[in-house]
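Shown next, in structure tokens, is the structure this report addresses.
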Amino acid sequence: MRQGCRITILTGAGVSAASSIPTFRGPGGLWRTHRPESLATAAAFKDDPKLVWEWYNWRREVIAGAQPNPAHAVLTLWSRRYPGFTLVTQNVDGLHERSGTANVIRFHGSIWEVRCWNRCASAPPRWLDHTVPLSPLPPRCPYCSGLLRPGVVWFGESIDPEVLQQSLKGADCDVFMTIGTSSLVYPAASLVRSAKKQGALTVEINVEPTPAADVIDLFLEGPAEQILADIERRLAG
Ligand code: OAD
């Protein structure tokens, strides 16, 4: 990295943990009695849009009160230092962007975007809405008065083909780091495999090993906010 190289990073909820945003599968991941996996689906939304929106409304409030942490800050530095730097994030919180990171690919969309559930002809495909809290719930499409949905990718939905293509392009790099993700959700979890196949040095930063272990060259165990700051100190020293 001192000599300059093409770096691609994949981040997950663990990178925002130090900003006090609960991860999906860790402690605090449950919301009321619901598991995120059972709320983040089109079927759950169809069944009970108010309940699903209550969960997103709560997450929007938590995120609005959160600040980027040192993990975000180091990645922002790198995004400006390394030509060809790519950051693919599964996080929908927008903290990488708020920290000023360049070249962010939002793999699972953004919690700050909304879409018309009916895809009505008058509405744009998606638009920003930073209202916190949204009220009343569920929010209505201003164009057709039908339901609005969050602009995130739910389980069972496909990744935007252009986003997928850019991310796969990012997997062609010299160093690929997978940081703070459980490596359980595909196709995001396949990016490190693709990078390894193409000859990248693969690095994982996590507080515990994940199923990516079989393709990882270097496992750095610990909190992302500390390990990234350590790497940056060594690069600078
Ligand atoms: P998970 O909640 O599945 O995993 C978070 C990971 O972060 C775990 O492996 C933890 O060990 C690790 N972790 C926790 N604190 C950490 C810290 N301070 N430093 C480093 N690692 C830490 O979250 P994701 O892998 O992001 O998708 O989940 C992937 C997708 O599943 C999400 O994007 C979301 C979710 O359901 C959709 O909504 C489609």
The chain: Cys lacking any partner C-beta under 4.7 angstrom: C5, C173
Centroid-to-centroid separation of the range 121-180 and the range 1-49 [C-alpha atoms, Å]: 14 Å
Considering only the range 1-113, percent of DSSP beta bridges that pair antiparallel, nearest 5: 10 percent
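When averaged across all projection directions, what area in nm² does the alpha-carbon convex hull of the chain cover?
Dividing the Cα hull surface by four gives the mean projection, 12.7 nm².
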Gain in span if fully extended, Q165 to R32, counting 0.36 nm per residue against the direct Cα distance: 44.2 nm
Structure-based [θ]222 nm, the chain - -39500 (n - 2.57) summed over DSSP H runs of at least 4, per residue, nearest 500: -8500 deg cm²/dmol
Packing-based ranking, highest mean first, of 222-234, 152-164 given that Cβ atoms within 10 Å are counted: 222-234, 152-164
Whole-percent carbon and sulfur share, accessible surface of the chain, 1.4 Å: 53 percent
Tensor-based shape of the range 1-116 (alpha-carbon gyration tensor, a/c under 1.5 rounded, otherwise prolate or oblate): prolate
DSSP beta bridges in the chain [antiparallel fraction, %, rounded to 5]: 25 percent
Shape call, the range 1-68: gyration tensor on alpha carbons, a/c limit 1.5: prolate
Label-point separation in nm, D217 to A102, each point 7 Å along Cα→Cβ: 2.5 nm
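Which value, in Å², gives the accessible area per residue of the range 15-125 when a 1.4 Å probe is used on the protein heavy atoms?
Numbers: 4930 Å² over 111 residues.
Result: 44 Å² per residue.
The values are calculated or read from the model by the stated rules, or taken from the named source; none is laboratory data. Quick caveat, the model's predicted, so the values are computed rather than measured. Cβ: placed from backbone, ideal geometry, glycine included. Neighbour counts: every protein chain shown. Ligands, DNA and RNA are excluded from the accessible area calculation, which covers all protein heavy atoms including side chains. Shrake-Rupley method; radii C 1.70, N 1.55, O 1.52, S 1.80 Å.
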